[in-house]
Amino acid sequence: MFLLRGIAVSVALFWLSNCGLSVLVAWSWPLLARLRSLTPRVYANLLISARALPLVLSLLVAVLFAAPSFILLEPRGAEEEIGLVPMILSACCLAFLVAGVVRAIRAQSSTSRVIAGWLHGARSVDLGAPAATFQGTGVIPPLTLAGVCRPRLLLSESAVAALSGDELRVAVRHEIAHIESRDNLKKLALRFAWFPGMRRLEREWQHAAELAADDAAVSNAEEALDLAEALIKLSRQVTLQVLPAISMGLVQDAFVSVRIARLLNWEAPRSRGSLCWVVVAAAVGVVAVTAAVYGGLLTQTHTITEWLVR
């Protein structure tokens with residue numbers, strides 16, 4: 001019973017922390033929009049970090065505070081019932097975790113089915129990408145990167161016919177940037193960590209990720225013009241198909257016009273390396289302060305868990 005109470009209390013505190021922090025992030029993330037002047041890669045990393053923050057911090061609360069405070073401060077001889085509140089919160093947490101796993105599995109399965117259909121009759125081509133690349137026949141999106149463990153890059157015949165060699169090369173480099181930043185893995189993680197009110201934040205992250213991939217694909221104004229021309233040509237070929245959940249399409253969004261305008265007015269990205277050191281310094285400071293007051297925090301956490309049990 002002692003072990004079951006400890007697990008129930010830790011899971012309940014994890015769930016309360018996750019809900020509270022998720023609501024806070026969903027309400028306050030637009031403040032990050034003031035940082036759009038940062039490079040798109042840094043901005044995208046900030047957004048995805050903010051999205052992951054509730055889950056990560058809640059896990060730390062459960063593992064570093066809830067469980068240790070219960071083990072160290074709860075009398076083992078006490079014959080207390082688990083309590084209705086921890087049981088309800090634990091059940092809600094379990095239900096959401098199971099739902100997240102199901103959502104992630106369905107997204108991955110549906111993506112695999114769609115890609116299998118597109119690959120029917122496709123032929124392998126070598127475009128220098130670190131992923132299997134196929135030129136497909138039939139009605140498929142112009143250029144799509146799909147999959148996580150074994151990403152595949154698919155091009156339509158019409159896309160290959162429409163683009164010049166330079167335009168195709170820079171378009172492929174855009175998708176390579178998505179591979180290197182593991183954006184499809186991040187999309188799969190977002191399916192698992194679903195929470196109400198986060199859709200706008202996730203959409204903002206995807207827009208920033210596309211801009212970051214554009215920046216990674218071009219290194220001068222000429223290449224920027226090549227990518228802009230590729231976007232213009234391929235946006236005219238976009239079908240009404242909905243892309244698979246775990247994929248990144250080069251032109252399959254309403255954000256293409258903004259990207260084209262930005263590429264036509266291309267400027268060399270400015271370095272923002274100092275921000276990394278600010279984040280590292282802040283993290284070290286938080287760890288140092290937490291270590292200094294860890295004993296008191298365990299006591300406060302145990303007080304909260306006692307309230308939950310009773």
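Being among the hydrophobic types (A, V, I, L, M, F, W, C) and within 17 Å of residue 65 (Cα to Cα) narrows it down to one of 16, 35, 47, 24, so name that one.
Working: 35 fails: within 17 Å of residue 65 (Cα to Cα); 47 fails: within 17 Å of residue 65 (Cα to Cα); 24 fails: within 17 Å of residue 65 (Cα to Cα).
Of 16, 35, 47, 24, the one residue that is among the hydrophobic types (A, V, I, L, M, F, W, C) and within 17 Å of residue 65 (Cα to Cα) is 16.
So, in segment 32-59, how many residues would count as being assigned to a helix (DSSP H, G or I) and within 26 Å of residue 268 (Cα to Cα)?
Qualifying residue count for the region: 14.
Could you run through segment 28-56 and say how many residues are surrounded by 15 or more Cβ atoms within 10 Å (Cβ to Cβ), of a type outside the set (Lys, Arg) and either more than 16 Å from residue 97 (Cβ to Cβ) or touching a Ser or Thr at 6+ places or on another chain (Cβ under 7 Å) (or both)?
Adding up the residues that qualify gives 15.
Please identify the pairs in which a residue from segment 148-176 that is at positive phi and in a strand (DSSP E or B) has its Cβ atom under 6 Å from the Cβ atom of a residue that is of a type in the set (A, V, I, L, M) and crowded, with 20+ Cβ neighbours inside 10 Å, counting only partners at least 6 apart or on another chain.
none
Is it the case that some residue within segment 179-194 is surrounded by fewer than 19 Cβ atoms within 10 Å (Cβ to Cβ), over 10 Å from the mean Cα position of the chain (by Cα), assigned to a loop (DSSP other than H, G, I, E, B) and not hydroxyl-bearing (Ser, Thr, Tyr)?
Yes.
Where the second residue is of a type in the set (D, E, K, R) and the first is over 10 Å from residue 18 (Cα atoms) and lies in segment 44-63, which pairs have Cβ atoms under 7 Å and are six or more apart or on separate chains?
47/204; 48/186; 51/202
List pairs: first residue in segment 77-99 and at pLDDT below 85, second residue of a type outside the set (A, V, I, L, M, F, W, C) anywhere in the structure, Cβ distance under 6 angstrom, at least six positions apart or on different chains.
82/5
Taking segment 153-178 on its own, how many of its residues are more than 26 Å from residue 49 (Cβ to Cβ) and surrounded by 20 or more Cβ atoms within 10 Å (Cβ to Cβ)?
10
Can you name the residue in segment 61-76 that is among the aliphatic types (A, V, I, L, M) and over 14 Å from residue 11 (Cβ atoms) and is also modelled with the lowest pLDDT among such residues?
Taking segment 61-76 as the starting set, the residues that turn out to be among the aliphatic types (A, V, I, L, M) are 61-64, 66-67, 71-73.
Keeping just the survivors that are over 14 Å from residue 11 (Cβ atoms) gives 64, 71-73.
Values: 64: 91, 71: 84, 72: 84, 73: 81.
Taking the candidates together, the pick is 73.
Conditions (1) among the polar types (S, T, N, Q); (2) on the phi > 0 side of the Ramachandran plot; (3) over 21 Å from the mean Cα position of the chain (by Cα), marked per residue:
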| residue | (1), (2), (3) |
| --- | --- |
| 6 | no, no, yes |
| 15 | no, no, no |
| 26 | no, no, no |
| 60 | no, no, no |
| 63 | no, no, yes |
| 83 | no, yes, yes |
| 95 | no, no, yes |
| 109 | yes, no, no |
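Please go through segment 221-245 and pick out each residue that is in a loop (DSSP other than H, G, I, E, B), modelled with pLDDT of 80 or more and either charged (D, E, K, R) or within 13 Å of residue 140 (Cα to Cα) (or both).
Answer for segment 221-245, where residues must be in a loop (DSSP other than H, G, I, E, B), modelled with pLDDT of 80 or more and either charged (D, E, K, R) or within 13 Å of residue 140 (Cα to Cα) (or both): 236, 243, 244.
The values are calculated or read from the model by the stated rules, or taken from the named source; none is laboratory data. Values in this document were obtained by computation on a predicted structure and should not be read as measured data. Because the Cβ atoms are built from the backbone with ideal geometry, glycine has one as well, and the counts that use them run over all protein chains shown.
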